[in-house]
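Accompanying notes for the structure given below.
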Amino acid sequence: MNATPGTPGSTGAGVSRRVLLSAGGLMILTGCGVADPGRPDPAPEAMPAPSPGAPRPGRGRLAARGPDPPAAHRPPASGPASPAAHRPAASRPAPATRQTRLDGYHGAGGRPYRPAAARDDQPMFYLHDGPGVIALTIDDGPSPVYTPQILRLLRRYRITASFSMIGINVDAYPGVARDVAEAGHMIVNHTWTHPDLAFLSPVAVRDQIDYATDAIHRATGRTPQMFRAPYGAWSPVVLEWCEQTRMTPLDWSVDPRDWSRPGTGAIIRNIMRNTRSGSIILEHDGGGNRSQTVAALRVVLPRLLAAGFRFITP
């Protein structure tokens, strides 16, 4: 089934993910779904967080704020994120509050594309770069297993994507992060350990964002220009810190729920059914077994191109 450019809807709003506490310690569940306990992840992506008080190379922003915050506010020294569950759609901002509605566009020969006014104080849910333009975003990596596979697919189809990276995974696999940057893709800050920022203090929110920015800069030499909140959990504190650090808040409008491993066919159908002009598609290369995601991308990327879509970074 081929998609044709049309009018976007909030078809990809996710359901909430939760942080689960296990008897053996804290397990951070990232991605966008609940992990399948019967299928262990083939390649854990983790490394310990920096020890308290240790110097942090990079742009020096953390050091400039003074000594490490109390332990309760420091990013937890835990492994990489694994899949978990989304915030209910009802609790997330309506997509119409940011970017555009691609009103009136019906493909070649249709009525003209008319972007509506955008609001700069809300996350970006849609693009407003003309008819047929979409974006592919890849979250929760880098992964030494799945990121290289996705990079090969993107290179084959000459597609540029955005990779929302978790800082602790960047520190674990800096070479993979560099490969993404050197291939010309955008790198987006996705926090240090992928917590739900709505439950953190303002100090902890800032540290989660800043630790990830510094890790990305150390590995790639780049300073992220965009930020994606785990689980789409935006708050005034998060948006204010994005403004102060000059990062555009990035959300999504198509969520095929690949994090839940619904089957390759389900991922393909969701993307092809729901993608419209201006869509920002959410996929994952980290947080668990992403073989279904890779298999689905092998099918949907050429189909979307054949349908007349053009990929850009937000």
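The values are calculated or read from the model by the stated rules, or taken from the named source; none is laboratory data. Just so it is clear, the model here is predicted, and its values are computed rather than measured. As a convention, Cβ positions derive from the backbone with ideal geometry for all residues, glycine included, and neighbour counts pool all protein chains shown.
So is R269 surrounded by fewer than 21 Cβ atoms within 10 Å (Cβ to Cβ), within 16 Å of Y146 (Cβ to Cβ), more than 19 Å from the chain's Cα centre (by Cα) and not acidic (D, E) or not?
no
If I go through region 159-198 residue by residue, how many of them are over 15 Å from the mean Cα position of the chain (by Cα) and of a type in the set (S, T, Y)?
Result for region 159-198: 1.
Filtering region 272-292 down to residues that are part of a loop (DSSP other than H, G, I, E, B) and not charged (D, E, K, R), which residue is surrounded by the fewest Cβ atoms within 10 Å (Cβ to Cβ)?
N289
Restricting attention to region 179-205, and to residues there that are aliphatic (A, V, I, L, M) and part of a loop (DSSP other than H, G, I, E, B), which single residue is surrounded by the fewest Cβ atoms within 10 Å (Cβ to Cβ)?
My answer is A183.
Would region 250-262 turn up any residue that is part of a helix (DSSP H, G or I), over 18 Å from the mean Cα position of the chain (by Cα) and either modelled with pLDDT of 95 or more or not basic (K, R) (or both)?
So far as region 250-262 goes, no, none of its residues is part of a helix (DSSP H, G or I), over 18 Å from the mean Cα position of the chain (by Cα) and either modelled with pLDDT of 95 or more or not basic (K, R) (or both).
Answer with yes or no whether Q208 is surrounded by fewer than 18 Cβ atoms within 10 Å (Cβ to Cβ), modelled with pLDDT of 95 or more, polar (S, T, N, Q) and out of contact with any Asp or Glu (no Cβ under 9 Å at 6 or more places or on another chain).
Against the criterion (surrounded by fewer than 18 Cβ atoms within 10 Å (Cβ to Cβ), modelled with pLDDT of 95 or more, polar (S, T, N, Q) and out of contact with any Asp or Glu (no Cβ under 9 Å at 6 or more places or on another chain)), Q208 does not qualify.
Specify which of the listed residues (I168, I150) is out of contact with any Pro (no Cβ under 8 Å at 6 or more places or on another chain) and modelled with pLDDT of 95 or more.
Of I168, I150, the one residue that is out of contact with any Pro (no Cβ under 8 Å at 6 or more places or on another chain) and modelled with pLDDT of 95 or more is I150.
Name, by its number, the condition in (1) crowded, with 18+ Cβ neighbours inside 10 Å; (2) farther than 25 Å from R155 by Cβ that does not hold for A219.
Exception for A219: condition (2).
Looking at region 229-249, which of its residues are surrounded by fewer than 24 Cβ atoms within 10 Å (Cβ to Cβ), assigned to a loop (DSSP other than H, G, I, E, B) and in contact (Cβ under 8 Å) with a residue 24 or more places away in the chain?
Of everything in region 229-249, those that are surrounded by fewer than 24 Cβ atoms within 10 Å (Cβ to Cβ), assigned to a loop (DSSP other than H, G, I, E, B) and in contact (Cβ under 8 Å) with a residue 24 or more places away in the chain turn out to be A233, W234, S235, T245, M247.
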